[in-house]
Amino acid sequence: TQLLEQSPQFLSIQEGENLTVYCNSSSVFSSLQWYRQEPGEGPVLLVTVVTGGEVKKLKRLTFQFGDARKDSSLHITAAQPGDTGLYLCAGARNTNAGKSTFGDGTTLTVKP
Amino acid sequence: DAGITQSPRHKVTETGTPVTLRCHQTENHRYMYWYRQDPGHGLRLIHYSYGVKDTDKGEVSDGYSVSRSKTEDFLLTLESATSSQTSVYFCAISEAQGGDEQYFGPGTRLTVT
C-alpha cells in the first residue's frame, strides 16, 4: 500500500507568519497534487508537480517536488486568514489505473 | 470550476434502509470516483470508474456498490445502511490516466441513525 504522510497534522499560526507543511512517502509518484479544502466544501486543486526538483509558485504559496519524486512541501509566505483550511496532498502513478493516494491532510488555522 | 454536482446534499436515513447517492458531471471526463471523508481518516476511496460500465473497488468498498450506465452519471448505493456509514461522501472526476488532477463535487453529508 502506498502511503502519503503529511505533517504537521495541525498548525495554528498568526497572520503574517511563514509556514511549511510536508508530504512524504516511500513510493515514487509520476505526479503529486496539492488541494485545499474549506469546511463544508470539496477539495479544490491548487497545483500539480511532475518533475523531480520542480518548484511552482502560486501567489504566496510555493510548492516543491522532491528530487526523487517521493515527497513534496508547501510553503506559505505571510499567511492570511483566508489561507485557513485543510491542505491535502495526493500522489498518482500512471500504472495505478486511475487511482490517486491521498494523505490525511494538514489543518491550518491562521489567526487575525 | 468543473461541472460536477452531487445529490442529495444532505440525507438522514435509518439503519437497514437502502440509499443511493448520485454524481453528475458535464465535463465528459473518463474517470469518476467516490470517496468518504471521516475525521482522522482523510479521503478514502470507495469505488471508482474508468469508463461506462467499467468500475473497480477502492480501499473501503465493503457495503457499497456502484453503477455507471452513462459517462455523466456515477451512482453509489448503500444496500443496507449502517451507522458506520455515517460520513461525508465526495465524488470526483478526472481525465488523466494516472488519476491525478481530480475535481471534486460539493459533497453529500449522510447520517445513518
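The values are calculated or read from the model by the stated rules, or taken from the named source; none is laboratory data. For clarity, every value in this text was computed on a predicted model and none was experimentally measured. Reconstructed Cβ throughout: ideal geometry from the backbone, glycine too, with neighbour counts over all protein chains shown.
Structural remarks
- B:Leu75 vs. criteria more than 14 Å from chain A (Cβ to nearest Cβ) and in contact (Cβ under 8 Å) with a residue 12 or more places away in the chain: yes
- Under the condition of being within 11 Å of chain B (Cβ to nearest Cβ) and at pLDDT 95 or above, the residues counted in region A:50-89 number 3.
- Residues satisfying the stated conditions in region B:28-42, i.e. within 13 Å of chain A (Cβ to nearest Cβ) and touching a residue at least 40 places away in the same chain (Cβ under 8 Å): B:His29, B:Arg30, B:Tyr31, B:Met32, B:Tyr33, B:Trp34, B:Tyr35, B:Arg36, B:Gln37, B:Asp38
- Among residues of region B:43-55, those that are charged (D, E, K, R) and within 11 Å of chain A (Cβ to nearest Cβ), counted: 2
- Options B:Leu45, B:Leu21; residue that is touching a residue at least 60 places away in the same chain (Cβ under 8 Å) and either closer than 17 Å to B:Gln6 by Cβ or in a strand (DSSP E or B) (or both): B:Leu21
- Number of positions in region A:4-61 that are surrounded by 16 or more Cβ atoms within 10 Å (Cβ to Cβ), charged (D, E, K, R) and in contact (Cβ under 8 Å) with a residue 12 or more places away in the chain: 1
- Some residue of region A:91-108 being acidic (Asp, Glu), in contact (Cβ under 8 Å) with a residue 24 or more places away in the chain and loosely packed, with under 13 Cβ neighbours inside 10 Å: no
- Once region A:94-112 is narrowed to residues that are touching a Lys or Arg at 6+ places or on another chain (Cβ under 9 Å) and at pLDDT below 90, the residue that is farthest from B:Arg30 (Cα to Cα) is A:Thr101.
- Among (1) surrounded by fewer than 22 Cβ atoms within 10 Å (Cβ to Cβ); (2) at pLDDT 95 or above - the single one B:Gly105 does not satisfy: (1)
- Residues in region B:34-48 that are hydroxyl-bearing (Ser, Thr, Tyr) and at pLDDT below 95: B:Tyr48 alone.
- Here the condition is being within 14 Å of another protein chain (Cβ to nearest Cβ), out of contact with any Leu (no Cβ under 9 Å at 6 or more places or on another chain) and surrounded by fewer than 22 Cβ atoms within 10 Å (Cβ to Cβ); of B:Gly3, B:Gly58, it holds for B:Gly3 alone.
- B:Ser65 vs. criteria small (Gly, Ala, Ser), modelled with pLDDT of 95 or more and surrounded by fewer than 14 Cβ atoms within 10 Å (Cβ to Cβ): no
- Residue within region B:86-93 that is more than 10 Å from chain A (Cβ to nearest Cβ) and farther than 25 Å from A:Leu32 by Cβ present: yes
- Selection within region A:1-15 - part of a loop (DSSP other than H, G, I, E, B) and either more than 13 Å from every other protein chain (Cβ to nearest Cβ) or modelled with pLDDT of 90 or more (or both): A:Leu4, A:Pro8, A:Gln9, A:Glu15
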